[in-house]
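**Student:** Let me give you the structure first, and then I'll get to my questions.
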Amino acid sequence: MLETALNRAAIVGIGETAVGRVPGKTARELEVEAIKLALDDAGLTKDDVDGVLTFLRWDSGWETKAPILAERLGIEPVLPLTLAFGGSSSTALFYYAGLLVGAGLAEVVVVSSSDTQLSQGGRRGTMQELVAGTADPQFELPFGVNNPSDYALYAQRHMYEFGTTSEQLASVAVTFRNHARLHPKAQMKDPLTVADVLGSRMIVSPFHLYDCAVISDGGWAVVITSAERAKDLKQKPVLMLGAAEAHFANWISHMESLTTTAATRCAAKALPMAGVGHDDIDVLFLSDQFTICPIIELEDLGFCKKGEGGAFVAEGRLALGGQIPTNTHGGLLSYCHPGKGQCFAHVVEAVIQLRGQAGDRQVKDAEVAYVHAAGGTLSAHVSLVLGAAR
Amino acid sequence: MEAYAKPLPEVDEDTRPYWEGCKQQKLLFQECASCGTVQSYPRKVCMRCMQASLVWRESSGRGDVYSFSVVHRGPQGFEDDVPYVVAIVQLAEGFRVMTNIVDCDPDSVRIGLDVQVVFQRINEDVTLPKFTPARR
C-alpha cells in the first residue's frame with residue numbers, strides 16, 4: 001500500500017433517510033436528518049464537526065452552499081466546500097474529505113447530500129435541469145439531446161464495436177433488481193426479467209424504460225475522521241485505502257471515444273494506492289444510471305477485457321453469490337437515484353457490507369470494496385477503494 | 001407562425017464565425033497552423049499545442065454516423081418531433097459534431113451511414129447544421 005494522506009482517514013458514521021418517494025419533506029430537511037443519523041451512528045455530535053462538504057442539488061440551487069448548511073446546523077466549519085460537476089461529485093467528496101482529514105486540515109468532516117427529484121422536482125422540470133446540466137448549450141442542446149440520449153450514443157457504439165446485445169443490457173437491470181428485492185428500503189422491488197426489460201417501452205434506442213435509472217428522493221450523510229480517532233468510536237471503522245479521479249472531455253460530442261472512458265485511469269491509480277488487485281475486491285459498486293454504464297466501467301476498470309462486459313454481466317458474475325457481487329443494494333436502476341447525490345447510496349452500502357451489517361444481502365467476509373462513480377455523460381470519474389479495519 | 005420553442009445557441013465572440021458560416025450554408029472548422037490539429041468547436045487556442053494560430057477551413061460537409069439514437073421521448077420543445085434521430089457525425093476532415101439525421105426513416109439510420117450536411121434555417125440569426133443520408 002502506498003502511504004498517503006488518504007489512508008490516514010476512515011469512515012465512521014453513515015446516515016440515510018427514507019429513499020424512493022418521500023413526500024412532504026424538502027431536500028434541506030432530508031439533508032439535516034441524514035447528518036443527524038450519521039453523527040448518531042458514529043457516536044459524535046455536531047460540535048465535533050469542523051468540515052462540511054456538500055454539493056449543489058437540482059432542486060434549490062445556491063441554497064445548498066456548505067456555509068449555509070453549516071449555519072443551519074450550528075456548526076462553525078474550518079472547511080465548507082460545495083462541489084458541482086455532476087453525479088460523481090458525490091463520490092469525489094469522500095476522496096477530498098479523506099485527504100483533508102489525512103492532511104490534518106480538518107478533524108471530523110461531514111459529507112452530505114439530498115434531493116427531492118421525485119416528489120418536488122416534478123418529473124418534467126427536473127429532467128429539463130438534467131439536460132441543461134449535461135449537454136453543451138451551444139453545440140448539443142439545439143438538437144434535442146437529453147441525458148438518456150447521450151448515454152444511448154455510448155450504448156449504440158458499444159453494440160456496434162463489440163456486438164453487445166439488448167439482452168445483455170437488460171441483464172444488468174435484472175441483476176440489480178434481484179439485489180434490490182433483498183433490501184427493505186429499495187424503491188423498485190417487483191420481480192423483473194430480461195423479457196420484461198425488452199418489452200418495456202422504448203425511451204431512446206437502444207434503451208427501454210427499464211434500462212434507465214429511477215428518479216428518487218432521499219438524504220445521505222457520511223462522517224469521516226482520522227483512522228486513529230476512529231478506533232475509539234462506536235462502529236467498526238472503514239478505512240479509505242485508495243482513490244482516484246479522472247476526466248477526459250466534458251461534453252459527449254467532444255469525447256475521443258465512446259467506448260473507452262477516463263475510468264481506465266482511475267483503477268490504474270486507485271488499486272496500487274490501496275495495495276490491492278482486482279482479485280482482492282470482495283464487493284463492487286458501479287454507476288448504473290443506464291444499463292450500458294456498468295458494462296463499460298467493468299471493462300475500463302479492468303475487471304474484464306474491453307468488449308466483454310456485456311457477456312460478463314449476462315453470465316451472472318455480478319450477482320450475489322457470483323464472481324464479484326455488484327451493487328448489492330440494487331443500484332441507481334432499482335434502489336434509488338436522487339440526482340446529484342448519485343452514488344451516495346453506493347458508498348453507504350459499501351460501508352454496511354464492510355461492517356457486516358447487510359443482512360440477507362451480506363457478502364460473506366467482505367473486506368475490500370471498490371466504488372466507481374461516473375457522472376456527467378460518463379465524463380467525470382471517481383474511484384474509491386474501501387477496506388474493513390482489522 | 002408559431003414561436004420556435006426549442007433551445008437556440010447563444011453565439012459568442014469565439015463561435016460567431018461558425019454560426020455565420022452556417023447562415024451561408026458553409027460548415028466551418030478550426031485548424032491549427034502550428035501543429036495541424038483539427039478541433040470540433042471554436043476556441044481561442046489550439047487544444048493540443050495552445051497556440052493561437054487557428055485558421056478557419058470549410059468542411060466538405062461529408063461524413064459518417066459515429067453513433068446515434070432514435071429519441072422516442074424527447075425534452076421540452078421536441079415532444080412533437082418524436083421519433084427523431086440524434087447523432088454524432090464524424091466529418092471527413094476529422095472533427096465531430098452533435099446533430100440530427102433528417103429527411104429519412106429514423107429506423108434506417110446505422111453507424112457508418114454516409115451523410116451530407118444540410119442547413120436548416122431557424123430564423124434570421126440562426127441556421128443549424130443537420131445531416132441527411134448521402135446521395136449515391
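Just so you know, all these numbers are worked out from the coordinates, no wet-lab data involved. These numbers were taken from a predicted model, which means no experiment stands behind them. Methodologically, a virtual Cβ is constructed for each residue, glycine included, from the backbone with ideal geometry; neighbour enumeration extends over all protein chains shown.
**Student:** How large is the dipole of chain B about the Cα centre if only Lys and Arg carry +1 and Asp and Glu carry -1, each at its Cβ, rounded to the nearest 20 debye?
**Tutor:** 520
**Student:** Turning to a different aspect of this structure: Report the semi-axes of the equivalent ellipsoid for region A:254-390 in whole Å, largest first, where each axis is √(5λ) for an eigenvalue λ of the Cα gyration tensor. Walk me through the numbers before you get to the answer.
**Tutor:** Working: eigenvalues 94, 53, 45 Å².
Sorted largest first and rounded, they come to 22, 16, 15 Å.
**Student:** Under a Cβ-only charge scheme (Lys and Arg +1, Asp and Glu -1), can you give me the dipole magnitude of region A:183-261 about the Cα centre, in debye to the nearest 20?
**Tutor:** Dipole of region A:183-261, to the nearest 20 debye: 400 debye.
**Student:** From the C-alpha coordinates alone, can you work out the Kirkwood hydrodynamic radius of region A:124-259, in Å?
**Tutor:** After inverting the pairwise mean of 1/r, the radius is 18.4 Å.
**Student:** Work from the charge dipole of the protein assembly as shown (Cβ charges, +1 for Lys and Arg, -1 for Asp and Glu, about the Cα centre) and give the residue of A:Ser113, A:Gly359, A:His158 farthest towards its positive end.
**Tutor:** Going by the charge dipole, the pick is A:His158.
**Student:** Could I ask something else about it? Per Stokes-Einstein, at 25 °C and 0.890 mPa s, what whole-number D in µm² s⁻¹ belongs to region A:1-112, with the Kirkwood radius over Cα pairs as the hydrodynamic radius? Mind showing how you got there, number by number?
**Tutor:** Details: Rh = 14.5 Å.
The calculation lands on 170 µm²/s.
**Student:** Please name which of A:Asn146, A:Met255, A:Leu233 has its Cα lying farthest along the dipole of the protein assembly as shown towards the positive end, using unit charges on Cβ (Lys, Arg +1; Asp, Glu -1) and the Cα centre as origin.
**Tutor:** Checking the options against the dipole of the protein assembly as shown, the answer is A:Met255.
**Student:** Another question, then. Enumerate the calculated ³J(HN,Hα) couplings along region A:261-276 in order (Karplus 6.51 cos²θ - 1.76 cosθ + 1.60, θ = phi - 60°), each rounded to whole Hz, writing x wherever the residue is Gly or Pro.
**Tutor:** 10, 5, 4, 4, 6, 5, 5, 4, 9, 5, 5, x, 4, 7, x, 10
**Student:** Would you mind ranking B:Leu27, A:Leu2, A:Leu333 so that the residue whose beta carbon has the fewest other beta carbons within 10 Å leads the list?
**Tutor:** Sorted ascending by nearby Cβ count, the order is A:Leu2, B:Leu27, A:Leu333.
**Student:** Something else about it: May I ask for the net charge around A:Ala249, where only other residues with Cβ less than 14 Å from the Cβ of A:Ala249 are counted and Lys, Arg are +1 while Asp, Glu are -1?
**Tutor:** Its environment carries a net charge of 0.
**Student:** Test of the criteria: in region B:1-106, which trypsin sites (Lys or Arg not before Pro) are in a DSSP loop and have at most 14 other Cβ atoms within 10 angstrom of their Cβ?
**Tutor:** Working: sites: B:Lys23, B:Lys26, B:Arg43, B:Lys44, B:Arg48, B:Arg57, B:Arg62, B:Arg73, B:Arg96; in loops: B:Lys26, B:Arg43, B:Lys44, B:Arg48, B:Arg73.
Passing both the DSSP loop test and the Cβ count: B:Arg43, B:Lys44, B:Arg48.
**Student:** While we're on this one: Using the Kirkwood radius over C-alpha pairs as Rh, can you work out the diffusion coefficient of region A:131-185 via Stokes-Einstein at 4 °C, viscosity 1.567 mPa s, in µm² per second? Numbers along the way, then the final one.
**Tutor:** Values: Rh = 13.5 Å.
The calculation lands on 96 µm²/s.
**Student:** Right, another one. So which cysteines of chain B have no other cysteine's Cβ under 4.7 Å from theirs?
**Tutor:** B:Cys22, B:Cys104
**Student:** Per 5 Å bin, what is the whole-percent P(r) computed from every C-alpha pair distance within region A:209-292?
**Tutor:** Per 5 Å bin, starting at zero, the Cα-Cα P(r) for region A:209-292 comes out as 3, 9, 13, 16, 18, 19, 13, 6, 3, 1, 0 percent.
**Student:** OK, next. Please check: in the Gaussian network model of chain A (C-alpha springs, under 10 Å), which one of A:Gln353, A:Gln138, A:Gln289 has the largest mean-square fluctuation.
**Tutor:** Comparing A:Gln353, A:Gln138, A:Gln289 in the GNM, the peak value goes to A:Gln138.
**Student:** Another question, then. Quick check on chain B: what does the Kirkwood estimate of hydrodynamic radius come out to from the alpha carbon pairs, in Å?
**Tutor:** 15.9
**Student:** Here's a follow-up. Please average, across the residues of A:146-157, the number of beta carbons from any other chain that are within 10 Å of each residue's own beta carbon, and give a whole number.
**Tutor:** What the average comes to for A:146-157 is 6.
**Student:** Rounded to the nearest 0.05, what FRET efficiency do B:Thr37 and A:Met202 give with R0 = 41 Å and r taken as the Cβ-Cβ distance? Could you check?
**Tutor:** 0.60
**Student:** List every residue whose amide H lies under 5 Å from the amide H of A:His208, counting only residues 5 or more places away in sequence or on a different chain, with H placed 1.01 Å from N in the peptide plane.
**Tutor:** A:Ile203
**Student:** Moving on. Please go through region A:163-227 and write out the trypsin sites (Lys or Arg not before Pro) that DSSP classes as loop and that have at most 13 other C-beta atoms within 10 Å.
**Tutor:** Sparse-neighbourhood loop trypsin sites (Lys or Arg not before Pro): A:Arg201.
**Student:** Where the only charges are on Cβ atoms (+1 Lys, Arg; -1 Asp, Glu), what is the dipole of the protein assembly as shown about its Cα centre, to the nearest 20 debye? Working shown, then result.
**Tutor:** Values: 47 positive and 62 negative charges, 70 e Å.
Using Cβ point charges on Lys, Arg, Asp and Glu, the protein assembly as shown gives about 340 debye.
**Student:** If R₀ is 56 angstrom, what is the calculated FRET efficiency for the pair A:Ser257 and A:Asp47, using the beta carbon separation as r and rounding to 0.05?
**Tutor:** It comes out at approximately 0.70.
**Student:** Same structure again: Based solely on its DSSP helices, what 222 nm [θ] is calculated for chain A when runs of n ≥ 4 H residues each add -39,500 (n - 2.57) and the sum is averaged over all residues, nearest 500 deg cm²/dmol?
**Tutor:** -10000 deg cm²/dmol
**Student:** I'd like the antiparallel share, as a percent to the nearest 5, of DSSP beta bridges with both residues in chain A. Working shown, then result.
**Tutor:** Numbers: 39 of 52 bridges.
That works out to approximately 75 percent antiparallel.
**Student:** Under a 10 Å cutoff between Cα atoms, tell me which one of A:Glu167, A:Glu315, A:Glu256 has the largest fluctuation in the Gaussian network model of chain A.
**Tutor:** A:Glu256
**Student:** Have a look at region A:221-262 and give its Rg and Dmax from the Cα atoms, expressed in angstrom.
**Tutor:** 18.2, 50
**Student:** Return an integer: the convex hull volume of the alpha-carbon atoms of region B:39-117, in Å³ per residue.
**Tutor:** 117
**Student:** For chain A, take the convex hull of the Cα atoms, compute a quarter of its surface area, and give me that in nm², please.
**Tutor:** 16.8
**Student:** Of the GluC sites (Glu not before Pro) in region B:33-136, which ones lie in a loop per DSSP and count no more than 15 other C-beta atoms within 10 Å?
**Tutor:** B:Glu124
**Student:** Roughly what angle does helix A:27-42 make with the longest principal axis of chain A, taking Cα atoms, 0 to 90 degrees, to the nearest 10?
**Tutor:** Compared with the principal axis, the helix lies near 60 degrees.
**Student:** Please list, in order along region A:162-175, the HN-Hα scalar couplings obtained from phi with the Karplus expression 6.51 cos²θ - 1.76 cosθ + 1.60 (θ = phi - 60°), rounded to whole Hz, x for Gly and Pro.
**Tutor:** After applying 6.51 cos²θ - 1.76 cosθ + 1.60, I find 10, x, 4, 10, 4, 5, 5, 4, 4, 5, 5, 4, 5, 4 Hz.
**Student:** Which of A:Asp288, A:Asp40, A:Asp365 moves most in a GNM of chain A, Cα contacts under 10 Å?
**Tutor:** Answer for the Gaussian network model of chain A: A:Asp365.
**Student:** Now a separate question. Using the Cα centre of region B:71-136 as origin and beta-carbon charges of +1 (Lys, Arg) and -1 (Asp, Glu), tell me which of B:Ile111, B:Thr99, B:His72 is placed farthest towards the positive end of the dipole.
**Tutor:** B:Ile111
**Student:** Take A:Leu2 and B:Thr132, extend 7 Å from each Cα along the Cα→Cβ direction, and tell me the distance between the two endpoints in nm.
**Tutor:** About 5.4 nm, to one decimal.
**Student:** Step through the table entries A:Lys340/B:Lys6; A:Lys306/B:Lys130; A:Lys269/B:Lys130; A:Lys185/A:Lys364; A:Lys46/A:Lys189; A:Lys234/A:Lys364, compare each Cα-Cα distance with 30 Å, and write down the pairs that go over it.
**Tutor:** A:Lys306/B:Lys130; A:Lys269/B:Lys130; A:Lys46/A:Lys189
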